[in-house]
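Below is one structure, written out as structure tokens; comments come after it.
What follows draws every value from the coordinates through simple rules; no lab data is involved. Given the structure is predicted, the values throughout are model-derived calculations rather than measurements. Backbone-built Cβ (ideal geometry, glycine too); neighbour counts: all protein chains shown.
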Amino acid sequence: MSYTITVFGLGFVGLTSALAFAEKGHKVYGFDLDAHRVELINGGKLPFIEPGLDDALLRNIHGNFIVTDDAENAVRNSDFVFLCVGTPTGKNGEADLKYIYSAIDMFANVLHDGKHRVIVVKSTIPPSTTSERVIPYLSAQGLLPGDRFSVTNNPEFLREGKCWDDAINADRIVCGVEDHKGEEMLRSLYSRFNSPFFAVSLNTGEYIKYLSNTMLASMISYANEMSIIADAIGDIQIKEAFNILHMDRRWGGASMSSYVYPGCGYGGYCLPKDTAAMYAQSMSKGYEPLMLKNVIAINNMMPQSMAAKIMRVAKPSDKIGILGLSFKPGSDDVRDSTSAKIISLLLDAGYTNLIGFDPVANECFAREYNFAEVRYCENVQVIGDQSDVLVLVTAWEQFVGIDKKYPGKPIVDCRYFL
């Protein structure tokens with residue numbers, strides 16, 4: 001099905017999105033307040049350099065893609081309204097929504113006409129902005145999402161220099177939605193793109209964009225901090241060290257999910273010891289590595305966070321079953337085990353009715369930690385049957401489906417595994 005779309009903002013994101021929809025056979029109106037930009041685009045010229053996008057503009061301008069100065073009329077004829085305007089940084093670091101509000105003001109009156117439209121916030125906005133700021137702004141004008149229109153978000157994952165390929169051959173399409181009609185129309189709109197489509201909650205849609213960008217920012221800052229540490233220590237060939245790091249088979253074509261995935265903290269022998277040692281060595285050379293300091297602090301905080309989550313679900317009298325005792329699946333290594341830290345915190349809080357099971361590490365754990373209050377089970381069936389509350393701490397494959405086997409039993413999944 002072909003749709004009519006209005007795109008507010010013809011900068012990097014807006015123009016790329018508009019041309020991608022036009023390329024797929026939809027009719028697209030583009031609106032921008034910058035007269036010079038509009039003049040360039042109408043003349044078939046890009047206001048910035050982007051390989052591939054220039055040819056797409058020439059193919060679609062004055063055809064499927066029309067630049068208009070009548071925003072209200074464009075929206076009146078449209079099924080979708082994409083907001084691709086800027087969200088500059090405010091004085092306290094917050095996203096300034098003045099351009100989003102201004103765009104909404106241009107077409108708000110049209111939303112009373114009875115035609116169902118989907119308003120799509122494609123501008124980058126922090127998690128909860130659609131639900132806590134955009135929708136209330138509409139509601140204050142008597143415009144309540146529902147029968148007349150849907151409010152959604154659709155973050156972009158475009159790389160400068162490769163935006164056209166990223167738009168046409170997207171690795172994923174994420175849409176934050178809150179009603180079935182909006183989701184249905186977005187699925188239909190994107191059905192011409194051969195890309196996996198994910199409909200998630202409004203907050204999740206926004207969060208995924210920031211999850212991606214803050215991870216990249218963290219990786220860059222990590223590399224930069226490590227170079228400062230290298231300088232402080234001295235006689236380290238930084239370029240060569242990083243080039244050799246990149247040869248690590250954990251990154252060469254492997255899944256990032258092994259490390260970039262939430263849980264309850266790292267353990268074992270190497271990561272805690274080596275991270276602490278690098279921090280101490282850098283301090284001894286006169287440089288405090290702030291990122292490593294906080295990496296250690298966050299890891300130390302995770303067992304407390306998980307224990308608090310367990311205590312919100314379980315009463316002190318409940319029998320709590322700890323699933324997994326080794327620091328990771330496939331190993332009987334219990335050194336610096338997160339399970340031991342969580343058990344210790346529960347015992348301190350008066351939760352003394354604890355049982356545990358690990359496919360390979362029961363004996364190692366009992367010998368290493370000597371928790372007199374903990375009883376060990378011989379298999380998954382026993383711990384599942386005997387527990388009032390289950391806590392999954394190590395993501396062993398043997399625990400897959402345990403939530404289905406005990407559907408009424410509270411389970412705290414510390415590894416987001418089930």
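Counting neighbouring beta carbons within 10 Å and listing from fewest to most, the residues His246, His116 come out as His246, His116. A protection proxy built from the mean count of other Cβ atoms within 10 Å ranks the segments 299-309, 378-388, most packed first, as 299-309, 378-388. Over the chain, DSSP H runs of length four or greater, each weighted -39,500 (n - 2.57), average out per residue to a 222 nm ellipticity of -12500 deg cm²/dmol.
For the range 4-203, with equal point scatterers placed on the C-alpha atoms only and solvent neglected, what are the log10 I(q)/I(0) values from the Debye formula at q = 0.14, 0.18 1/Å, to two decimals? Log10 I(q)/I(0), no solvent term: -0.77, -1.34.
Extending 7 Å from the Cα toward the beta-carbon at both Asp70 and Ala308 defines two label points whose distance is 5.7 nm.
Working from label points 7 Å from Cα in the Cα-to-Cβ sense, the Glu132 to Tyr406 distance is 3.5 nm. Cross-link pairs exceeding 28 Å in C-alpha to C-alpha distance, out of Lys209/Lys405; Lys24/Lys115; Lys91/Lys209; Lys24/Lys98; Lys162/Lys239, comprise Lys209/Lys405; Lys24/Lys98.
Look at Ile220, Ile310 and count the other Cβ atoms within 10 Å of each Cβ; fewest to most, that gives Ile220, Ile310.
Taking a straight line from the alpha carbon of Lys404, these lysines sit under 26 Å away, with near neighbours fewer than eight places off in the same chain left out: Lys309, Lys315, Lys319, Lys328. In the chain, the longest principal axis of the Cα atoms and the axis of helix 12-23 are about 70 degrees apart. Enter the angle in degrees (range 0 to 90, nearest 10) between the Cα long axis of helix 270-284 and the first principal axis of the Cα atoms of the chain, meaning the one along which they spread out most. The angle comes out at about 80 degrees. Note on Glu373 and Arg59: the model spin-label points, each 7 Å out from Cα along the C-beta direction, lie 6.7 nm apart. Exposure proxy shown here: for Tyr259, Tyr222, Tyr351, the number of other Cβ atoms within 10 Å sets the order, fewest to most, as Tyr259, Tyr222, Tyr351.
For the pair Ser191 and His116, what calculated FRET efficiency results from E = 1/(1 + (r/R0)^6), where r is the Cβ-Cβ distance and R0 = 25 Å, to the nearest 0.05? Efficiency for this residue pair is about 0.90. Relative contact order, whole percent, for the range 211-296 stands at 38, derived from Cα pairs under 8 Å and 6 or more residues apart.
Computed over the chain, relative contact order equals 10 percent, with contacts defined as Cα pairs under 8 Å that lie 6+ residues apart.
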